[in-house]
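A short write-up of the structure that comes next.
The values are calculated or read from the model by the stated rules, or taken from the named source; none is laboratory data. Only a predicted model underlies this, so the values are computations on that prediction, with no experimental measurement involved. Every residue, glycine as well, gets a Cβ built from its backbone with ideal geometry; the counts of neighbours run over all protein chains shown.
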Amino acid sequence: MSKTITISPVTRIEGHAKITIQLDERGNVTDARFHVNEFRGFEKFCEGRLMWEMGGITSRICGICPTSHLITSAKAGDDILAVTIPETAEKLRRLITLAQWIQSHALSFFHLSSPDFLLGFDSDPATRNIFGLITKDREFARRGIRLRKFGQEIIEVLGSRKIHTPWAVAGGVREPFDAAKRDHLLALIPEAKETALLALKTLKSIHQEFAADIPNFGSFRSMFVGLVAPDGALEYYDGTIRVMDGSGNIIADKIDIHRYDDYIGEASESWSYLKFPYYKPLGYQKGMFRVGPLARVNICDYIDTPLAEAERKVFKAMAGNAEAVNNSFYYHYARLIEILFAVEKAEMLLHDPAMLGTNIRARAMINRRLGIGASEAPRGILFHRYEVDENGVLEKVNLIIATAQNNLAMNRTVRQLAIQYMDGNKITEGILNRIEAGIRCYDPCLSCSTHASGRMPLHVQLLDCEGTVVSELRR
Amino acid sequence: MTKTIIIGFGNTLRGDDGAGVAAAEMLAGDFPGANVVAVQELHPELAEQLASCDLAVFLDASVRTSTLCVTRVSPARSVHGAEGHAFSPAGVLALCSGLYGHAPQEALLVEIPASECGFGETMSAQTLRMTDYCVLLISELLTGETTAGILLDLAPSPAAG
């Protein structure tokens with residue numbers, strides 16, 4: 001009799017989901033799926049609201065990356081106003097975007113994933129968490145909290161609030177920066193940089209320890225999609241879309257974000273509220289791509305900060321330079337390179353005199369009926385597309401979220417891990433945790449990706465060939 | 001002198017759920033030098049601020065009581081409430097204790113009765129009244145006119161509410 005195993009809810013991620021593993025009569029894995037089972041429907045209820053409200057509304061999609069929605073919404077608003085925002089406003093928006101990366105990546109690495117790395121996949125689940133981490137290395141855990149705090153501090157200094165700041169608006173930002181705030185943030189840079197380097201050193205030191213596991217963590221060729229700067233540098237706020245295949249070939253480049261719809265399609269499946277974006281030229285399934293840190297560090301030609309660029313070269317060398325790094329386990333590595341980049345880049349921006357300018361907002365009426373904004377959220381490229389009437393009232397909204405763009409790859413990763421580790425019909429704690437850890441590589445934010453709320457504990461189900469649940473494990 | 005931190009949390013876009021934030025913002029206005037924090041949700045960085053305090057008072061809206069409730073909070077003994085980005089008071093106290101070796105000697109949770117938590121930025125009349133009452137009590141705590149112990153005696157527990 002064939003069976004299905006369900007892991008529900010998946011733990012130490014943001015949101016609520018379950019995993020099912022289908023076994024055949026001999027206990028071999030035939031399929032595995034990552035189901036996201038919450039829904040909020042922001043795209044629909046935003047219709048009829050004023051374009052000006054969208055920053056405030058869409059930032060409520062998420063408590064982790066509200067700033068990414070705020071910035072991307074403001075950029076869609078800039079497009080509708082048809083304005084080029086002042087230099088100071090752009091640089092301030094860039095700084096807050098970097099801060100968003102720092103705080104979100106720090107939470108992902110130190111808080112959610114480090115327990116696996118420092119305590120082991122097979123350690124006692126009762127202590128394989130932030131408190132176990134504290135017991136193992138209190139200073140490391142403290143540094144992680146403080147690094148996240150640094151990111152939050154930048155957001156609060158700029159936007160007056162850590163979460164859901166209404167600071168960025170169509171046309172620019174509401175409040176200017178000043179020298180006292182700049183000096184305050186500059187004083188925090190050395191410790192943040194030191195912590196980013198420490199995290200990199202720690203992660204690289206455990207790569208050898210996990211050498212047997214790593215090849216199973218989503219090791220497959222896919223395309224990688226993200227924004228790059230005009231000169232090919234790592235980009236986080238603006239730029240054009242680049243698509244790279246798993247062999248490291250750039251197959252599409254310098255795509256204006258307004259043409260994203262020509263390249264990215266969205267499919268749906270009856271078993272998940274999370275959409276399945278795909279690369280249109282190759283069609284659904286074949287068009288699987290990955291976004292986020294692994295994609296960004298793969299597709300860029302270089303990083304324009306010295307320490308992160310040196311680390312990028314080490315990263316790329318793992319795949320022989322020409323190839324893309326195709327293993328999803330290295331999302332963690334890429335994430336830490338990005339933290340280092342973000343701290344270095346923030347320091348560069350803070351030293352830029354233009355940051356203290358007072359011309360921070362361009363004002364205009366509704367000049368276009370369609371506005372598209374894109375930026376690199378921590379988990380990957382984020383699109384906001386608004387259609388408005390002549391008064392700026394929204395007629396249609398489309399949000400394409402980074403986590404959703406990784407959906408096909410996350411499912412592939414779950415399947416790979418299940419095939420590798422499942423033995424017969426029994427789920428062990430170690431297997432359960434490895435499957436969860438495969439999902440955690442992507443640091444999925446399901447609140448964002450389904451625009452749904454809630455936490456994401458783990459639930460695994462084992463089903464027989466008739467679909468009856470024969471075994472279940474919850475955490 | 002007792003070092004106190006007041007932390008009000010909740011979602012101000014969900015009607016009465018924002019009562020804790022509203023109370024904290026009123027207190028911050030009345031006592032500019034006090035250590036008052038108003039946040040949408042409890043987050044791990046608060047652990048550092050808590051570590052330097054003797055008394056922590058969490059202000060939150062609650063649908064499980066019809067009157068203002070004050071209860072003592074202890075650090076959580078399990079990871080529940082201390083993972084991801086949304087922490088419980090017990091969870092953030094546990095994180096504080098784990099990271100810094102100690103937590104505030106006394107921690108209180110003040111629950112402000114809430115009944116209407118739909119979309120909207122206005123609070124119900126009952127919650128507004130109870131928010132004012134909460135601000136009055138915490139003001140007396142900040143001025144030294146009352147103590148944590150008296151607060152615990154004064155306001156009913158959730159079971160009695």
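A few notes on this one:
- Unmet criterion (only one of (1) within 23 Å of the chain's Cα centre (by Cα); (2) more than 30 Å from A:MET365 (Cα to Cα); (3) surrounded by 15 or more Cβ atoms within 10 Å (Cβ to Cβ)) for A:TRP167: (2)
- Those strands (runs of 3 or more DSSP E) lying entirely in the stretch A:236-298 with at least 2 residues surrounded by 21 or more Cβ atoms within 10 Å (Cβ to Cβ) and in contact (Cβ under 8 Å) with a residue 12 or more places away in the chain: A:240-244, A:272-279
- Taken over the stretch A:146-157, the criterion of being more than 8 Å from every other protein chain (Cβ to nearest Cβ) and either within 22 Å of the chain's Cα centre (by Cα) or small (Gly, Ala, Ser) (or both) is satisfied by A:LEU147, A:PHE150, A:GLY151, A:GLU153, A:ILE154, A:ILE155, A:GLU156.
- Being assigned to a helix (DSSP H, G or I), within 16 Å of B:LEU99 (Cα to Cα), assigned by TED's automatic domain parsing to the domain that holds A:GLY171 and not aliphatic (A, V, I, L, M) is a condition met by no residue of the stretch A:97-104.
- Residues considered: A:GLU14, A:GLU53. Of these, the only one that is within 14 Å of another protein chain (Cβ to nearest Cβ), at pLDDT below 80 and either at negative phi or buried (at least 24 other Cβ atoms within 10 Å of the Cβ) (or both) is A:GLU14.
- The conditions of being farther than 22 Å from B:GLU45 by Cβ and among the polar types (S, T, N, Q) are met by A:GLN208.
- Total residues in the stretch A:125-145, condition more than 7 Å from chain B (Cβ to nearest Cβ) and either crowded, with 20+ Cβ neighbours inside 10 Å or within 25 Å of the chain's Cα centre (by Cα) (or both): 6
Results for (1) closer than 30 Å to A:PRO306 by Cβ; (2) of a type in the set (A, V, I, L, M); (3) outside any loop (DSSP other than H, G, I, E, B); (4) touching a strand residue (DSSP E or B) at 6+ places or on another chain (Cβ under 9 Å), shown as yes or no for each residue.
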site: A:PHE329; (1), (2), (3), (4): yes, no, yes, yes
site: A:ALA342; (1), (2), (3), (4): yes, yes, yes, no
site: A:ALA346; (1), (2), (3), (4): yes, yes, yes, no
site: A:MET355; (1), (2), (3), (4): yes, yes, yes, no
site: A:ASN367; (1), (2), (3), (4): no, no, no, no
site: A:ILE372; (1), (2), (3), (4): no, yes, yes, yes
site: A:GLU390; (1), (2), (3), (4): no, no, no, no
site: A:ALA418; (1), (2), (3), (4): no, yes, yes, yes
site: A:ILE431; (1), (2), (3), (4): no, yes, yes, yes
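- Wholly within the stretch B:13-105, strands (runs of 3 or more DSSP E) carrying at least 2 residues that are away from every other protein chain (no Cβ under 13 Å): B:55-62, B:69-72
- Residue check for A:PHE217: under 26 Å from A:ILE57 (Cα atoms), of a type in the set (Phe, Trp, Tyr) and buried (at least 17 other Cβ atoms within 10 Å of the Cβ): no
- Of the residues in the stretch A:333-351, not one is over 27 Å from A:LEU147 (Cβ atoms) and either among the polar types (S, T, N, Q) or in contact (Cβ under 8 Å) with a residue 24 or more places away in the chain (or both).
- Across the stretch A:111-124, the qualifying residues are those that are in a helix (DSSP H, G or I) and more than 9 Å from chain B (Cβ to nearest Cβ), and the one among them that is farthest from A:THR97 (Cα to Cα) is A:LEU119.
- In the stretch A:114-161, residue farthest from A:HIS69 (Cα to Cα) [restricted to those that are among the acidic types (Asp, Glu) and out of contact with any helix residue (DSSP H, G or I) (no Cβ under 7 Å at 6 or more places or on another chain)]: A:ASP124
- Residue in the stretch B:1-13 that is more than 20 Å from B:GLY91 (Cα to Cα) and among the aliphatic types (A, V, I, L, M) present: yes
- Here A:GLU87 fulfils each of the conditions (1) under 22 Å from A:ARG182 (Cβ atoms); (2) among the acidic types (Asp, Glu); (3) within 14 Å of another protein chain (Cβ to nearest Cβ) apart from (3).
- A:ILE439 being of a type outside the set (Gly, Ala, Ser), crowded, with 24+ Cβ neighbours inside 10 Å and not in a helix (DSSP H, G or I): no
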